[in-house]
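A quick write-up on the structure given underneath.
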Amino acid sequence: MLDSLKHFARESWLLVVASVLCGLLLAATNAALGPRIEVNKALKLTSLAGGLLPAAQAFAPLSSPVEVKGLGGETESAAVFRATTDDQTVGWVFKVVGSGFADKIELVVAADASFSKLVGYDVVSSSETPGFGDQIKDAYYRNQFTGAPVGQLSLVGLGAAKEQDIDSTIVAISGATISSTAVVQAMNHYLPQLKDQLQQKGLIGHGNNP
Amino acid sequence: MATTPDGQNVYAEAVATGLWREIPVFRMLLGTCPTLAVTAAIKPALTMGLCVIFVLVCSNIMVSLMRKGLRPHVRILLFTLTIATFVTIADLFLRAYQPVMSEALGPYVPLIIVNCVIIWRAEARASNSGVLLSIVDGLAMGVGFTIALCVLATIREVLGTGCLFEIPVLPKAFPAWAAMGMPVGAFLTFGLVLGFISYVSRKRS
Amino acid sequence: MDLLYVLLTGFISVVLINNLVFTKFLGICPYIGVSGRIDMAFGMGLAVTFVMTLSGTLTWMIDHWLLMPLNLEVARYVAFIMVIAAAVQLVEMYLKKFFPPLYESFGIFLPLITTNCAILGLCLFLVVWGTSTLIEAVVLSFGGGIGFTIAICIMAGIRENMQMVDVPESLRGAPITLITAGLLALAFMGFAGII
């Protein structure tokens with residue numbers, strides 16, 4: 001019994017020592033870099049948001065969670081930030097998820113202070129086809145959403161947009177129907193819900209004309 | 001200075017092996033998974049190369065220090081443990097100081113753990129050589145790997161987007177080969193470069 | 001019904017649309033090495049599927065039931081690779097004892113699979129994809145293995161035929177295999193957007 005224990009110890013002492021050493025190394029590195037990584041994670045959303053709302057000085061997350069229904073019907077907690085300058089609300093920033101051609105498309109969207117018009121969006125992550133669906137990242141498509149009303153947006157082909165609905169009509173990217181649809185669908189799905197939730201919380205006024 | 005049986009300086013030998021004779025990706029066809037994934041542009045390729053250098057050197061040092069106590073049963077386990085630890089450390093550093101690159105590289109940084117290059121060097125060199133030689137070997141192999149990655153990345157980025165380091169280098173009239181950024185381009189470029197190297201070596205010998 | 005839909009689309013997604021070999025570049029080393037003959041390729045594919053399903057499930061369980069609750073995510077990679085190595089060892093011993101003919105047919109492949117980046121890659125992708133239920137993890141891991149098997153068998157079929165073709169000397173072996181893989185990746189791109 002003692003013999004086999006000794007044999008075991010002789011064979012594996014290095015493994016035990018190495019495990020302890022590695023564990024200490026990992027713990028030390030994690031302790032040293034952990035805070036910075038957390039900060040980076042929080043900054044990710046707000047740095048893109050800063051590009052959309054350059055006037056904003058700070059982005060504060062909401063104190064109570066906003067519950068919305070995702071695209072598949074499941075309830076999820078939406079990350080909504082209030083953009084402020086000198087404590088005045090200058091806009092709202094939030095993340096929406098659409099289902100694109102290849103995979104999920106994550107967007108960070110900015111709306112104005114009264115949540116009645118969109119300021120624009122930026123793509124957080126997407127795996128769309130380069131040269132086609134990837135154009136949702138280009139200014140040509142993104143600019144169409146600036147000033148679009150927070151309501152139902154409709155997607156049309158090139159040349160089919162009617163003059164009177166020009167604000168809420170988005171022209172699809174030629175050759176990238178699914179990716180274009182994904183962005184519009186994500187907006188149409190999340191925006192009304194978020195507006196409703198914010199109105200319920202009393203953070204924005206009612207009776208805004210879309 | 002230590003010399004190999006045929007009289008060459010051991011350190012120079014290690015450098016030559018890592019940088020040309022047994023260069024990881026091209027000659028030895030090891031570590032191909034990250035090669036194809038990160039070489040769409042030069043920045044990710046360089047970042048991956050630097051991570052691999054870090055992990056190689058550190059793991060070589062640690063294995064070399066442990067080499068006297070290695071038992072046959074726990075060898076591979078020890079190598080794996082060491083490599084996994086240093087890869088985690090490299091990943092943490094990347095996430096702390098280069099979050100954008102870390103997102104772009106995604107799960108390919110932890111895949112360095114199963115990158116055959118590192119276990120190969122631990123087995124072939126670090127487990128039977130002194131610390132200094134292991135460091136030199138690790139550096140040489142790591143730099144060789146990085147060079148291989150950058151060669152592929154340059155081709156793919158220049159042809160795929162007309163840019164290098166995101167600075168345009170080709171005239172606007174050049175139609176960017178979007179396929180180069182996709183898996184197709186990765187496989188084709190790698191295959192053709194390997195074919196080219198094989199052609200050059202045969203011409204030489 | 002909803003769950004079945006999610007599982008089915010997830011399975012098809014991992015097998016065809018996000019095929020591990022052609023879109024995620026996982027498992028290239030054995031892919032190039034073992035795709036010479038269809039029977040060897042199929043054997044490798046089955047072994048990979050078996051180990052992948054087992055490891056994917058185990059690592060998901062350890063990640064969700066041990067590491068995340070205890071805030072030990074920093075030990076994730078170490079834990080994953082250890083579990084994979086242990087799983088492969090156990091599978092080998094179990095097969096050797098109880099299913100010798102199966103063990104014989106798997107042959108050399110089982111030990112090779114530990115350093116197969118496809119296994120660790122899939123376990124990590126399960127984390128990246130935010131797999132939230134155990135059954136989802138099982139189905140996606142199984143799908144990953146099936147996708148790999150399909151990819152390697154197609155390649156083996158093509159390579160068997162290529163033996164009768166006059167390939168230029170410089171391109172023989174790995175280069176032409178990679179070029180073929182590139183064309184296959186191009187073909188598989190056609191699956192994008194079917195769900």
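The values are calculated or read from the model by the stated rules, or taken from the named source; none is laboratory data. Since this is a predicted model, take the numbers as computed values, not measurements. Positions of Cβ are generated from backbone atoms using ideal geometry, with glycine treated the same way; all protein chains shown enter the neighbour counts. SASA here: full protein model, heavy atoms, side chains in, ligands and nucleic acids out. Shrake-Rupley method; radii C 1.70, N 1.55, O 1.52, S 1.80 Å.
Observations
- Applying the set (1) within 20 Å of C:L54 (Cβ to Cβ); (2) open to solvent by 50 Å² or more (accessible area, probe 1.4 Å) to C:G147 leaves exactly one unmet item: (2).
- A:D165 vs. criteria at pLDDT below 80, surrounded by 14 or more Cβ atoms within 10 Å (Cβ to Cβ) and part of a helix (DSSP H, G or I): no
- Some residue of segment A:138-155 being within 14 Å of another protein chain (Cβ to nearest Cβ) and under 27 Å from A:S47 (Cβ atoms): yes
- Scope segment A:26-54; condition open to solvent by 60 Å² or more (accessible area, probe 1.4 Å), modelled with pLDDT of 80 or more and either facing chain B (nearest Cβ under 8 Å) or not in a helix (DSSP H, G or I) (or both); matching residues: A:R36, A:P54
- Residue-level check: of (1) open to solvent by 20 Å² or more (accessible area, probe 1.4 Å); (2) in contact with a Phe, Trp or Tyr (Cβ under 9 Å, 6 or more places away or on another chain); (3) among the polar types (S, T, N, Q), A:S179 misses just (1).
- Residue within segment C:185-194 that is in contact with a Gly (Cβ under 8 Å, 6 or more places away or on another chain), exposed (fewer than 15 other Cβ atoms within 10 Å of the Cβ) and over 21 Å from C:F42 (Cβ atoms) present: no
- Residues of segment A:119-134 satisfying the condition of being within 17 Å of A:Q185 (Cβ to Cβ) and over 15 Å from the mean Cα position of the chain (by Cα): A:E128, A:G133
- A single entry from B:R21, B:R27 fulfils the requirement of being open to solvent by 40 Å² or more (accessible area, probe 1.4 Å), within 14 Å of another protein chain (Cβ to nearest Cβ) and either at pLDDT 70 or above or farther than 22 Å from C:A185 by Cα (or both): B:R27.
Let's see how each residue does on (1) surrounded by fewer than 17 Cβ atoms within 10 Å (Cβ to Cβ); (2) more than 24 Å from C:C153 (Cα to Cα):
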residue	(1), (2)
C:F11	no, no
C:L20	no, no
C:Y31	no, no
C:S55	no, no
C:V78	no, yes
C:P100	yes, yes
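- Some residue of segment A:116-139 being in a loop (DSSP other than H, G, I, E, B) and within 27 Å of A:L203 (Cβ to Cβ): yes
Residue-by-condition table, conditions (1) open to solvent by 50 Å² or more (accessible area, probe 1.4 Å); (2) among the aliphatic types (A, V, I, L, M); (3) within 8 Å of another protein chain (Cβ to nearest Cβ):
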| residue | (1), (2), (3) |
| --- | --- |
| B:P72 | yes, no, no |
| B:R75 | yes, no, no |
| B:T85 | no, no, yes |
| B:A104 | yes, yes, no |
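- Single unsatisfied condition, A:F59 versus (1) open to solvent by less than 20 Å² (accessible area, probe 1.4 Å); (2) in a strand (DSSP E or B): (1)
- Between A:V90, A:V97, the distinction of being touching a helix residue (DSSP H, G or I) at 6+ places or on another chain (Cβ under 7 Å), among the β-branched types (V, I, T) and assigned to a strand (DSSP E or B) belongs to A:V97 only.
- Qualifying residue in segment A:7-24 (condition: more than 8 Å from chain B (Cβ to nearest Cβ) and within 30 Å of A:T85 (Cβ to Cβ)): no
- Among the residues making up segment C:20-61, a single one is within 18 Å of C:G10 (Cβ to Cβ), in a helix (DSSP H, G or I) and aromatic (F, W, Y): C:W60.
- Segment C:57-76, subset open to solvent by 50 Å² or more (accessible area, probe 1.4 Å) and within 14 Å of chain A (Cβ to nearest Cβ), residue farthest from C:W129 (Cα to Cα): C:L70
- Unmet criterion (only one of (1) touching a residue at least 24 places away in the same chain (Cβ under 8 Å); (2) within 15 Å of A:T46 (Cβ to Cβ); (3) within 14 Å of chain B (Cβ to nearest Cβ)) for A:V119: (3)
- Residue check for B:L56: at the interface with chain A (Cβ under 10 Å from one of its Cβ atoms) and either hydrophobic (A, V, I, L, M, F, W, C) or open to solvent by 30 Å² or more (accessible area, probe 1.4 Å) (or both): no
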